[in-house]
């Protein structure tokens, strides 16, 4: 008989008693020791523990994804002689988004 305790898969297990762990959100027990060692158990209506049924088998489903993006930047206004880039107003103008630079 192995001397190490069995470990359940996943997180969120808490100690129920010396032999079992409990996953509170799902109310599933996991036996670390004893004759049920390594098994997931559920409490039945009469209060006894029975082996948890196997999880549902996953199914592959076809998936089609389409994405689009549009990015339109207004060209920078032409500078005239005598004006410099530092003379421009900062920030968006007329609701346009300013580009880098």
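The values are calculated or read from the model by the stated rules, or taken from the named source; none is laboratory data. Small disclaimer: the values here were computed from a predicted structure and weren't measured. Note that each Cβ is placed from the backbone with ideal geometry, even for glycine, and that neighbours are counted across all protein chains shown.
Please count how many residues of region 50-64 are closer than 16 Å to residue 36 by Cα and modelled with pLDDT of 90 or more.
Residues that pass the stated criteria total 2.
Scan (1) under 27 Å from the mean Cα position of the chain (by Cα); (2) loosely packed, with under 15 Cβ neighbours inside 10 Å for the single condition residue 23 breaks and write down its number.
Condition not satisfied by residue 23: (2).
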